[in-house]
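First comes the structure, then the notes that go with it.
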Amino acid sequence: MGEDIDKAKKNRILCVILTAIIDQGKILLINRKKEPYKGHWGMAGGKMEFGENIEETAVREAFEETGLKCNVDSIRGIATELVHNGKETEQHFILFIVQLKPETTRFVESEEGILQWFNLNELGKIKMVPSDIFMINEFILKERSMKVHRIKVRRDGETYEVEEFI
C-alpha cells in the first residue's frame, strides 16, 4: 500500500502559480532553499489551493513568500514543465505566470529563500531556474498578456448551469 501512495504522489500534476513581481524595471526573485531548483534564483510562487482562482493564488503566494501586498497586473502565460532525471519524469507542473505590481518594495524574508531585486535586463548573469528565464523572456519582456476567464457552475442533481462567466 505504501508503494501505491508514493506512486500516486509522484505521478501527480501540480498546478503552480509563478509571480513576476515587477517594479521600475526590476523583478523580485527568490533563491530557493528547497527542491526543486534548490540554490537557483526564480519567481516566487506556489500551488493553487482548492477553491482559489489564478489571481487569488498569485496575490496569496506573493504575500506568503515576500511579505509584499501586490495587485494583479495581468496573467502573462501558461506553460507545462516536465522535470526529467534520465528516462524518468520526476515532476510535472502546469505553470501560470502572473505579473504583479507591489504596493511597496520592502520585502520580508521567508523560509522559502533569500529575496533580491534584479534588473530585468541582467538576469543572464545569475544562476536562475532555467525555465523561469525562458518564461520571463517570452511572457514578461515581450509584454504579452492573455485573457483567462473564471467560470462558476452550479449543479442541482443532474442539471448544470453556468452562474458566472467573467
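The values are calculated or read from the model by the stated rules, or taken from the named source; none is laboratory data. Please read these numbers as outputs of a predicted model, since none were measured by experiment. All Cβ positions, even for glycine, are placed from backbone atoms using ideal geometry, and neighbour counts span all protein chains on display.
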Legend entry - Which numbered condition Ala8 misses (of (1) closer than 18 Å to Ile126 by Cβ; (2) of a type in the set (Gly, Ala, Ser); (3) modelled with pLDDT under 85): (1)
Legend entry - Options Val72, Val108, Val98: the member that is among the hydrophobic types (A, V, I, L, M, F, W, C), under 22 Å from Glu56 (Cβ atoms) and exposed (fewer than 12 other Cβ atoms within 10 Å of the Cβ): Val108
Inset, instruction - List every residue pair whose Cβ atoms sit under 9 Å apart, with the two residues 6 or more apart in sequence or on different chains, where the first one lies in segment 1-25 and is exposed (fewer than 11 other Cβ atoms within 10 Å of the Cβ) and the second, anywhere, is in a helix (DSSP H, G or I) and at pLDDT 55 or above. - result: Gly25/Leu120; Gly25/Asn121
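State yes or no: is Glu111 of a type in the set (Asp, Glu) and more than 19 Å from Glu35 (Cβ to Cβ)?
Numbers: of a type in the set (Asp, Glu): yes; more than 19 Å from Glu35 (Cβ to Cβ): no.
Criteria not met by Glu111.
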Inset, instruction - Please verify whether segment 44-62 includes one or more residues that are without any contact (Cβ under 8 Å) to a residue 60 or more places away in the chain, over 30 Å from Glu164 (Cβ atoms) and not in a strand (DSSP E or B). - result: no
Inset, instruction - Find the residue count for segment 125-150, including only residues that are loosely packed, with under 10 Cβ neighbours inside 10 Å and over 24 Å from Lys101 (Cβ atoms). - result: 1
Legend entry - Residues (in contact (Cβ under 8 Å) with a residue 40 or more places away in the chain and assigned to a loop (DSSP other than H, G, I, E, B)) located in segment 63-97: Gly67, Leu68
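State whether the residues of segment 98-108 include one that is part of a strand (DSSP E or B), of a type outside the set (Ser, Thr, Tyr) and either without any contact (Cβ under 8 Å) to a residue 12 or more places away in the chain or over 22 Å from Asn31 (Cβ atoms) (or both). Lay out the reasoning, then the answer.
Narrowing segment 98-108 to residues part of a strand (DSSP E or B): 98-102.
Keeping just the survivors that are of a type outside the set (Ser, Thr, Tyr) gives 98-102.
Still in the list and also either without any contact (Cβ under 8 Å) to a residue 12 or more places away in the chain or over 22 Å from Asn31 (Cβ atoms) (or both): 101.
Scanning segment 98-108 turns up at least one residue that is part of a strand (DSSP E or B), of a type outside the set (Ser, Thr, Tyr) and either without any contact (Cβ under 8 Å) to a residue 12 or more places away in the chain or over 22 Å from Asn31 (Cβ atoms) (or both).
So which residues in segment 110-162 are among the acidic types (Asp, Glu) and touching a residue at least 60 places away in the same chain (Cβ under 8 Å), if there are any at all?
Glu111, Glu112, Asp132, Glu138
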Inset, instruction - State which residue is nearest to the chain's Cα centre (by Cα) when the search covers only segment 39-95 and only residues that are at pLDDT 95 or above and basic (Lys, Arg). - result: Lys47
